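Asker: My structure is below; once you've seen it, I'll send some questions.
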Amino acid sequence: MKRTCARLWLWCAWRWAGNALALGLLCAQGVAQPALQVFAGAASKPALEELAQRYRELSGTEVELVLGGSGTVLTQMRLARRGDIYLPGSSDSMLRAVREGLVLPETERQVAWVVPALTVPRDNPAGIRYLRDLLRPGLRVLLANPETVCLGAYAVEILEHAFSPDEIATLRQNIVNYADSCERTAAIVALRQADVTLGWHVFERWYPDRLTTIRLPPEQVLRAGYVSGAVSRFARDRAAAERFLEFLCGPQGRATFARYGYFESPEAALRWLGAPRPVGGEYRVPPKWLSP
Amino acid sequence: MTPPTPGCNPAVGGAKELRPFRPPRLSILAAYAVLSIYAGLILSTLWFLDLGPLQSVARSERTWFAVRLSLGAATVAACLALVCALPAAYALSRHRFAGRSWVDAVLELPMVVSPAALGAMLLMFFSQPIGQWVQEHAVRFVFTVAGVVLAQFVTVLGVAVRLVKTAFDEVPTELETVARTLGAGPRHVFWTVTLPLARRGVLAAFVVAWAKAVGEFGATIMLAGTMALRTETLPIAIYLRLSTADLGGTAALILMLLCLGLGALAVTRQLLGRATHA
């Protein structure tokens, strides 16, 4: 009798587990969407996290963010041979991704815009007002690494355009070092380990209590930058990836980026700058800038 | 022909060719598994290696500067760590004092906190008034070679103290007591009894600290920056190559770091073997 009862219990438990599993699978099929994997430059982290959360609420599609330096996440995407969207913080990384066939060029969309400017600690202890102040002896000037960071390359372009070779030599004596990313460049100036850097206008919004942006005259700024996204060559569902890109470029995406200090359109960026300028593009850094 | 009895000693029977097959022990298989994991990683790196990038990396002045800086800074950092570790580890091993458990716990800090976080902590320290005073009146660490050494030193100090303490713990205190009863002072006992008996462990601690310092990246990039021919160490050079999606160059630099690190460790191990058996 005991044995029969035990068998009955076992049979019931088995059936119950089977039914529960079947029901679970059915629900999962009906509700969950395959997750989108976005390889993105870490500079866009706050805005992107907010937008990924919003998109999940709206569409039910999970968005996984793989964040890091724009070049580093591109290499990760290439080696892992996966990822649905590439969203670097700068145009040169996107150009490299297009050149190497890692993204579908026809899907590229510009999402937000930035303009180079001088960035100094909040109270501007060194009293920087103009680009020429960077030539002052003893000033601690930090640049983003022009070899690997788009901002660094744009900064070199600005300096090469504004100063004579002798002045460049003087200025280079003031350069304390290169930072490996936009985020680190802003953080180092915020920690007062440099008196000034050529950063993006948006740095001030990242550290509102610690940084101040000093606008450069329009004739000294040669181009604006942008954040863009494109569907990866490894995307499993191109249509889903394009839908998320569309969302980023739509009113909600633009408004969110604007809340974090980015410009909503190239026109807004150039209006702030005060002159028509090319948006994005690559600048070939002279080799002398790659070492002290 | 009678098959050999399993478990018998073949040397006794004198029939070597009849030695029975014994499946490898699980522990030996585990050792081979460890080897295969790392060998697999090295082979996958070699997959991306091309002759062109390898030659260009090997001929580059920038690469050799990074090599010299990495090896030099790691040697200085490991020596400094050992100098601090010897007395601190001895105190932790032999004495009971107020706050001992706190000192013991803080040794795990570099292992608990990531190197990048340690670098950020250093950068924050130097933006405080005391740190600013050190920068202005003593040594400038931020964005300098001294910063590379400091970042490596802070990362390896805890490990060095922990390993040296273990070496001292293994020296029987009875031997020190005997020396003391024969009239030797505490300092004399340390130099003539404790340290010679712990030398193997102390040297091993130096080697581990040195190897960890050579590969240090997170704290260094935070504190010392990335400028080539100034503060670019070999791990930073690898990271920068990876950032520019130069896989051939990255693989060449990784191979170089591997050769230098493993080569130096092999030489040290040889020297250690001689020293301990002398």
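The values are calculated or read from the model by the stated rules, or taken from the named source; none is laboratory data. Everything numeric here is computed off the predicted structure, so don't read it as measured data. Cβ sites come from the backbone with ideal geometry, for glycine too, and all protein chains shown count toward neighbours. What goes into the accessible areas is simple: the full protein's heavy atoms, side chains included, and nothing from ligands, DNA or RNA. Shrake-Rupley method; radii C 1.70, N 1.55, O 1.52, S 1.80 Å.
Asker: For a quick check of your reading: which strands (runs of 3 or more DSSP E) sit entirely within the stretch A:61-146 and have at least 1 residues that are within 13 Å of chain B (Cβ to nearest Cβ) and touching a residue at least 12 places away in the same chain (Cβ under 8 Å)?
Answerer: Per the criteria, A:63-68, A:85-87, A:116-121, A:141-144.
Asker: Right, something else. Just the residues that are closer than 15 Å to A:P287 by Cα and assigned to a helix (DSSP H, G or I), please, taken from the stretch A:147-170.
Answerer: A:G152, A:A153, A:Y154, A:A155, A:V156, A:E157, A:L159, A:E160, A:P165, A:I168, A:A169
Asker: Can you find even one residue in the stretch B:151-174 that is assigned to a helix (DSSP H, G or I) and more than 21 Å from the chain's Cα centre (by Cα)?
Answerer: The answer is yes; a qualifying residue exists.
Asker: Which members of the stretch A:117-145 meet the condition of being among the hydrophobic types (A, V, I, L, M, F, W, C) and at pLDDT 95 or above?
Answerer: Those that are among the hydrophobic types (A, V, I, L, M, F, W, C) and at pLDDT 95 or above: A:A117, A:L118, A:V120, A:A126, A:I128, A:L131, A:L134, A:L135, A:L139, A:V141, A:L142, A:L143.
Asker: Taking the stated definitions as given, is A:V285 modelled with pLDDT of 90 or more, out of contact with any Lys or Arg (no Cβ under 6 Å at 6 or more places or on another chain), of a type outside the set (K, R) and within 25 Å of A:R205 (Cβ to Cβ)?
Answerer: Answer is no for this residue.
Asker: Can I ask one more? List the number of the failed condition for A:V73; all other conditions in (1) among the hydrophobic types (A, V, I, L, M, F, W, C); (2) out of contact with any Phe, Trp or Tyr (no Cβ under 6 Å at 6 or more places or on another chain); (3) under 23 Å from B:S243 (Cβ atoms) hold.
Answerer: (2)
Asker: Let me ask something else about it. Please work out which residue is most open to solvent (accessible area, probe 1.4 Å), limiting yourself to the stretch B:140-196 and to residues that are charged (D, E, K, R) and out of contact with any Ser or Thr (no Cβ under 9 Å at 6 or more places or on another chain).
Answerer: Residue satisfying both the conditions and the ranking: B:R187.
Asker: Condition first: closer than 17 Å to A:N145 by Cα, of a type outside the set (V, I, T) and touching a Leu at 6+ places or on another chain (Cβ under 8 Å). Now tell me which residues in the stretch A:72-92 satisfy that.
Answerer: Result: A:P88, A:S90.
Asker: Would the stretch B:205-213 turn up any residue that is surrounded by fewer than 24 Cβ atoms within 10 Å (Cβ to Cβ) and closer than 15 Å to A:T148 by Cβ?
Answerer: No, every residue in the stretch B:205-213 fails to be surrounded by fewer than 24 Cβ atoms within 10 Å (Cβ to Cβ) and closer than 15 Å to A:T148 by Cβ.
Asker: Something else: Within the group A:S181, A:S228, which residue is more than 30 Å from B:M121 (Cβ to Cβ) and either among the hydroxyl-bearing types (S, T, Y) or free of Cβ contacts under 8 Å to residues at least 12 places away in the same chain (or both)?
Answerer: Sole residue among the options that is more than 30 Å from B:M121 (Cβ to Cβ) and either among the hydroxyl-bearing types (S, T, Y) or free of Cβ contacts under 8 Å to residues at least 12 places away in the same chain (or both): A:S228.
Okay, residues lined up against (1) open to solvent by 60 Å² or more (accessible area, probe 1.4 Å); (2) modelled with pLDDT under 95; (3) within 14 Å of another protein chain (Cβ to nearest Cβ):
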site: B:A74; (1), (2), (3): no, no, no
site: B:A78; (1), (2), (3): no, no, no
site: B:P87; (1), (2), (3): yes, no, no
site: B:V112; (1), (2), (3): yes, yes, no
site: B:F125; (1), (2), (3): yes, no, yes
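Asker: Name every residue in the stretch B:34-61 that is over 24 Å from the mean Cα position of the chain (by Cα) and surrounded by 14 or more Cβ atoms within 10 Å (Cβ to Cβ), in order of residue number.
Answerer: Correct list: B:F48, B:L49, B:P53, B:L54, B:S56, B:V57, B:S60.
Asker: Checking the condition within 22 Å of A:R184 (Cα to Cα) and over 24 Å from the mean Cα position of the chain (by Cα), which residue from A:I128, A:I158 passes? Break it down stepwise before answering.
Answerer: Values: A:I158 fails: over 24 Å from the mean Cα position of the chain (by Cα).
Testing whether each residue is within 22 Å of A:R184 (Cα to Cα) and over 24 Å from the mean Cα position of the chain (by Cα) leaves just A:I128.
Asker: Could you count how many residues in the stretch B:236-267 are free of Cβ contacts under 8 Å to residues at least 12 places away in the same chain and either more than 8 Å from chain A (Cβ to nearest Cβ) or assigned to a helix (DSSP H, G or I) (or both)?
Answerer: So the answer is 7.
Asker: Can you name every one of the helices (runs of 4 or more DSSP H) wholly within the stretch A:177-292 that holds 2 or more residues which are more than 14 Å from every other protein chain (Cβ to nearest Cβ)?
Answerer: Passing ranges, in order: A:203-206, A:238-249, A:251-259, A:266-273.
Asker: Identify all residues within the stretch A:160-174 that are within 14 Å of another protein chain (Cβ to nearest Cβ) and without any contact (Cβ under 8 Å) to a residue 60 or more places away in the chain; write none if there are none.
Answerer: Result: A:Q173, A:N174.
Asker: Oh, and also: Determine whether A:I168 is more than 20 Å from A:W200 (Cβ to Cβ) and modelled with pLDDT of 95 or more. If you could, list the steps in order and put the result at the bottom.
Answerer: Numbers: more than 20 Å from A:W200 (Cβ to Cβ): yes; modelled with pLDDT of 95 or more: yes.
Judged against the criteria, A:I168 is a match.
Asker: Moving to a separate point now. Answer yes or no: is there a residue in the stretch A:20-38 that is at pLDDT 85 or above, surrounded by 11 or more Cβ atoms within 10 Å (Cβ to Cβ), within 14 Å of the chain's Cα centre (by Cα) and under 24 Å from A:A255 (Cα atoms).
Answerer: Keep residues of the stretch A:20-38 that are at pLDDT 85 or above, which gives A:35-38.
Checking the rest, the ones that are also surrounded by 11 or more Cβ atoms within 10 Å (Cβ to Cβ) come to A:35-38.
This time we only want the ones that are within 14 Å of the chain's Cα centre (by Cα), so: A:38.
Then keep just the ones that are under 24 Å from A:A255 (Cα atoms); that gives A:38.
Yes, because at least one residue in the stretch A:20-38 is at pLDDT 85 or above, surrounded by 11 or more Cβ atoms within 10 Å (Cβ to Cβ), within 14 Å of the chain's Cα centre (by Cα) and under 24 Å from A:A255 (Cα atoms).
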